[in-house]
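Sharing a structure here in structure tokens format.
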Amino acid sequence: MPDYPGLTVSVPLFFEINGSIDFETLGRYLEDVCKNECIYAVYAMAYNTRYRMLSISEVLEVNRFVCRVTKAHGKRVFVGHPIQVSQQELYGYLTEIAYESPDGVSMLYPERFFGQTDPIMEFIGTPKRFGLEIVVHESKLVSGFDGSLVNWPRALIERLVSELDIKALKEDSFDDALSSFIFEQSKIYDFTFILAGGGKQRLVPLLDRGVLTWLNGTTVFLPRLIDQTYMGFVSRDRVFTDFYLERIEKPFFDECVSKFGWHLAHKAALSFFGYGKPVERFPHAKVTKDMSIKMSVCLDGIASAVDELHENS
């Protein structure tokens, strides 16, 4: 494979009907992911890996599992942290996860934003106390004044990347101007810029700017296509990318994500393609039987497109 970093692969979490964690499916899924070469990092994170549904001990258990399976294949691995924790609990968690030697800890600021940068800097900088690299999960902040979602101020971003030696930043604002600004900062301060949100329709224009890794979207439920998809897009293979966008990406986002939301749509798709059951833990919204039936028409079409890709590869 050419010298490209590869996709940043998000880790979904699977549950049994009784609510227990389905480690058998998680392990099988990670094995399928790690067969690929074009992977920058395997990334367990706040929302796709369902941290809000887990206890602190379960977050640690899941992330230990992800680290061990992934590192056995020589892949880079990022893990997150329990969302609502005291400082003492966060310190305890980081002490324990450090034994697994993750390549970075993804820090998601969990509180409202009142215009103060010091609390965010202190929180995000915490892994350094434990000899761990920092990965920033930069999504919109919740305003402490009116509850609205707000972008990170550029001054906060500049302070963060200049004062903290960060490993990577997952840019999840859905704001192209802010994405471009942070990407330029990544060149100055030498951290990996990971584009997230908006699908490959948003990615394509940024490839020409030099963006080389992004959070996988539709390949979350199609891990066997990771190498082919990544190389198709970074090499600007128009035949492949046009086919992928028209037969896989656009149908899934138009017919599934736009109607049911990313988290339910991709859980239904994972189950359709053989990964676990389409169930969630309380109090997460659930994939209903009616949703599964409606999405199955689109997913059947995607399965046919995947078969065509394999026949022609």
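The values are calculated or read from the model by the stated rules, or taken from the named source; none is laboratory data. None of these values were measured; they are calculated from a predicted model. Please note: Cβ atoms are built from the backbone with ideal geometry, for glycine as well, and neighbour counts cover all protein chains shown.
Considering only region 17-44, state which residues are over 12 Å from N216 (Cβ atoms), part of a loop (DSSP other than H, G, I, E, B) and touching a Ser or Thr at 6+ places or on another chain (Cβ under 9 Å).
A44
Of the residues G301, G232, G276, only one is among the small types (G, A, S) and within 25 Å of Y51 (Cβ to Cβ); which?
Selected residue: G276, the only one of G301, G232, G276 that is among the small types (G, A, S) and within 25 Å of Y51 (Cβ to Cβ).
What's the total number of residues in region 67-90 that are under 19 Å from M107 (Cβ atoms), β-branched (V, I, T) and touching an Asp or Glu at 6+ places or on another chain (Cβ under 9 Å)?
Final tally of qualifying residues: 2.
Could you check T218 against (1) more than 19 Å from the chain's Cα centre (by Cα); (2) within 19 Å of Y43 (Cα to Cα); (3) not acidic (D, E) and say which number it fails?
(1)
Conditions tested, residue by residue: (1) closer than 30 Å to E122 by Cα; (2) of a type in the set (F, W, Y); (3) touching a Cys at 6+ places or on another chain (Cβ under 9 Å).
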site	(1), (2), (3)
S173	yes, no, no
V204	no, no, no
T213	yes, no, no
G217	no, no, no
V220	no, no, no
L225	no, no, no
G261	no, no, no
K267	no, no, no
Y275	no, yes, no
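Considering only residues that are aliphatic (A, V, I, L, M), in contact with an Asp or Glu (Cβ under 8 Å, 6 or more places away or on another chain) and closer than 25 Å to K286 by Cβ, which ones fall in region 14-43?
Residue satisfying the conditions is I21 alone.
Considering every residue within region 269-282, establish whether at least one is of a type outside the set (D, E, K, R), farther than 26 Å from E308 by Cβ and either in contact with a helix residue (DSSP H, G or I) (Cβ under 8 Å, 6 or more places away or on another chain) or touching a residue at least 40 places away in the same chain (Cβ under 8 Å) (or both).
Yes.
Separate question: I'd like to know if region 112-122 contains one or more residues that are in a helix (DSSP H, G or I) and touching a residue at least 24 places away in the same chain (Cβ under 8 Å).
Taking every residue of region 112-122 in turn, at least one turns out to be in a helix (DSSP H, G or I) and touching a residue at least 24 places away in the same chain (Cβ under 8 Å).
Every residue in region 171-199 that is out of contact with any strand residue (DSSP E or B) (no Cβ under 8 Å at 6 or more places or on another chain) and either within 25 Å of D254 (Cα to Cα) or modelled with pLDDT under 95 (or both), please.
Across region 171-199, the qualifying residues are F174, D175, D176, A177, S180, G198, G199.
Do you know which residues across region 45-73 are polar (S, T, N, Q) and in a helix (DSSP H, G or I)?
S57, N63, T70
Another question, then. Kindly indicate which of S20, S10, S55 is at pLDDT 95 or above and closer than 21 Å to I124 by Cβ.
Just one listed residue meets the conditions, S10.
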